[in-house]
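The values are calculated or read from the model by the stated rules, or taken from the named source; none is laboratory data. Since this is a predicted model, take the numbers as computed values, not measurements. Here Cβ is always computed from backbone atoms with ideal geometry, including for glycine, and neighbour counts include all displayed protein chains.
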Amino acid sequence: MPLRSDWSTELCPIRRSLDVLGDGWVLLIVRDVLQGYGRFDQLRDSLGISEAVLSRRLRAMVEAGLLTRVDYVSGGRTRQGYAATEAAAELLPILQQLAVWGERHTATPEAGGHMALIHDRCGQETTQGQVCSACGEVLVVEEMTWDKTWRGRQAKLVPAGVLGDPDPDPA
């Protein structure tokens, strides 16, 4: 899923990574899937993305090994949603560090917008993306909750291979 060029065969691992992750929608889709929004309609509504763009990104992300298709039943019909792979779950430190960086280096809207990264194991907020600043443990998806104060909602992250609640509160 190249952004501008095909960097998939480059020697530089940063270029190869950007070949997969260089489109901003990719990290936002991974963010939402880790929060349990694995259905197409949930992703579309949460992201405010067109169906055509979302379809292309999801297809490319499955091909790149970031997402896997998962069956679920809704209204008596079997449908397909999306779950994170281990490769996507390993983006957790990057996503969390982006949140920390954004809080430090971008203007907070008037309405507020703090996102607390809660390490469930120790119950404390961390100010780092990879290692808990409170207890020093490595942070993993299964032990993280994102508290989005502007939405009044906490999102317990879902591990790789798991489709979130088919009907979570999208607030």
The lone exception for Tyr72 - which of (1) under 17 Å from the mean Cα position of the chain (by Cα); (2) in contact (Cβ under 8 Å) with a residue 24 or more places away in the chain it fails:
(1)
So, in the stretch 146-155, exactly how many residues are modelled with pLDDT of 90 or more and surrounded by fewer than 16 Cβ atoms within 10 Å (Cβ to Cβ)?
1
Search result, residues across the stretch 64-78 that are under 24 Å from Leu27 (Cα atoms) and surrounded by 12 or more Cβ atoms within 10 Å (Cβ to Cβ)
Ala64, Gly65, Leu66, Leu67, Thr68, Arg69, Val70, Tyr72
Confirm whether Ala60 is under 18 Å from the mean Cα position of the chain (by Cα), assigned by TED's automatic domain parsing to the domain that holds Gly36 and farther than 19 Å from Arg44 by Cα.
no
Please list, ordered by first then second residue, the pairs with beta carbon atoms under 7 Å, 6 or more apart or interchain, first in the stretch 28-39 and in a helix (DSSP H, G or I), second polar (S, T, N, Q).
Asp32/Ser46
(1) closer than 30 Å to Asp6 by Cβ; (2) at pLDDT below 95; (3) touching a strand residue (DSSP E or B) at 6+ places or on another chain (Cβ under 8 Å) all hold for Trp101 apart from (3)
